[in-house]
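Written below as structure tokens is the structure these notes are about.
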Amino acid sequence: MTTVLLWGDRWWLPHHKLPVPFADLAQAADQLAAAWPGPNRSLRLIYQPDEFATVPVQCPNGNRATLALALGEDHPVVHHPGHVWSFEPIQVSGESFGTLLHYETRPVLFGLVHRLRELGFTVASVWPMGTWLNALPPDLSPSGAMTVCAIHSDRFCLYRQSADGGRSLRTGHDGDILQAVSAHLAGLPAQTEAEYVLYVATDDTLVEQLTERVPLDDRQILGIFSLTQALAKPVTLPSRHPAQLLPPLPIVTAPRLISIVSAICLVLALGLAVTPLRAWISQWQSESINGREKQTLIAAIETLRPKISELRQRQSEQLADGPDPLPWAELLRTLPSALPPQVVLTRLQADRSGFQIQGGITGELHTADWEHWQQSMQSHPGQWELTEPVPIKPVSTFELRARWQ
């Protein structure tokens, strides 16, 4: 797996000194694909566009659902299904608890990940840049205080943890970057043995110029990494860390159920290759289907039983995280509501960005029936939108794509 960084308007890759620029976030995935150096396309994405925010908040010591209830009034983004958000591990803050809240100010990440997957990438996880910077230092100072400063000629990202456990993240772009960073580091020379500093820079001269403005004791400088070296380091970020921006789905039911429905669709498609659904059911009931074919279908269905059992068990464990804001249930209700018997679904795939339906046609399908089903799938404003509808009746196979709204 390769760790890559989206920072501002550029991609940064390990072992590649020059970044991969893009004019707009909508073009970011395609630019990365065009410049990708090898066949391995499994990514861990560090995500810090200019529209990304990190703020300190007071909060209860609870799970994601608890934070959403507590922070929703001041930060309504936590209730918006299109925006990603996450948080650092909750710590004692004075007489209460506190954390760093990360969130998008503009919904981009789901679409970016979806496009990367279309281009053949596997996105294993997505992390705020501050979380990654915090995981870089191999050691802490005796007091536990640490500052990690990432700097480029036109932007910076500075993560700091104080001796009392307080955390902060400072970012900026354009203007006098060295002056802005110097202002944030101004008090460090007085903390010779109490606070360490780790520099991550795109150019060594930036660190040299910075140390001229803020002269630090050599004992304070834990290291100086180039940005590409830092990306190449095997930094550990646990999958269940709350700052993960694409966390496991809070309720297993919807996506897991969709995968099960997809498997059932495929099983039915095997039996419906040349016969519409009602005729096939009639054949099954009259035992006119070949015994071997029936046993094959039964075996295929039996393979779904462990998934269903696991689904039920994990659903009860994860309901505490609150309801999923995406309309999974509505999709599963709508999908078969006007489905003509001649339309066989062979694949249903869904993720946090949208869903995709594949299928075929058996028997004589009337145009009016096809258009009615298409209309039933499109008329859901505020829930999803078909990005690639098939308005004309297909001859044999078809594919529908949609994104959540």
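The values are calculated or read from the model by the stated rules, or taken from the named source; none is laboratory data. Just so you know, these numbers come straight off a predicted model, no measurement behind them. Cβ sites come from the backbone with ideal geometry, for glycine too, and all protein chains shown count toward neighbours.
Among residues of segment 346-364 being over 24 Å from LEU109 (Cα atoms) and modelled with pLDDT of 75 or more, the one that is farthest from the chain's Cα centre (by Cα) is GLU364.
Just one of the numbered conditions (1) more than 33 Å from the chain's Cα centre (by Cα); (2) surrounded by fewer than 19 Cβ atoms within 10 Å (Cβ to Cβ) is not true of GLU195: (2).
Got a sec? Which of LEU206, LEU216, LEU188, LEU222 is assigned by TED's automatic domain parsing to the domain that holds TRP127, surrounded by 15 or more Cβ atoms within 10 Å (Cβ to Cβ) and at pLDDT 85 or above?
On the way: LEU216 fails: at pLDDT 85 or above; LEU188 fails: at pLDDT 85 or above; LEU222 fails: at pLDDT 85 or above.
Of the residues listed, the single one that is assigned by TED's automatic domain parsing to the domain that holds TRP127, surrounded by 15 or more Cβ atoms within 10 Å (Cβ to Cβ) and at pLDDT 85 or above is LEU206.
Within segment 323-344, no residue that is farther than 15 Å from ILE357 by Cβ and of a type in the set (Ser, Thr, Tyr) sits with its Cβ atom under 7 Å from a residue that is buried (at least 18 other Cβ atoms within 10 Å of the Cβ) and at pLDDT 75 or above at 6+ positions apart or across chains. Here ALA28 clears all of (1) in contact with a Pro (Cβ under 9 Å, 6 or more places away or on another chain); (2) over 14 Å from ARG10 (Cβ atoms); (3) not polar (S, T, N, Q) except the condition numbered (2).
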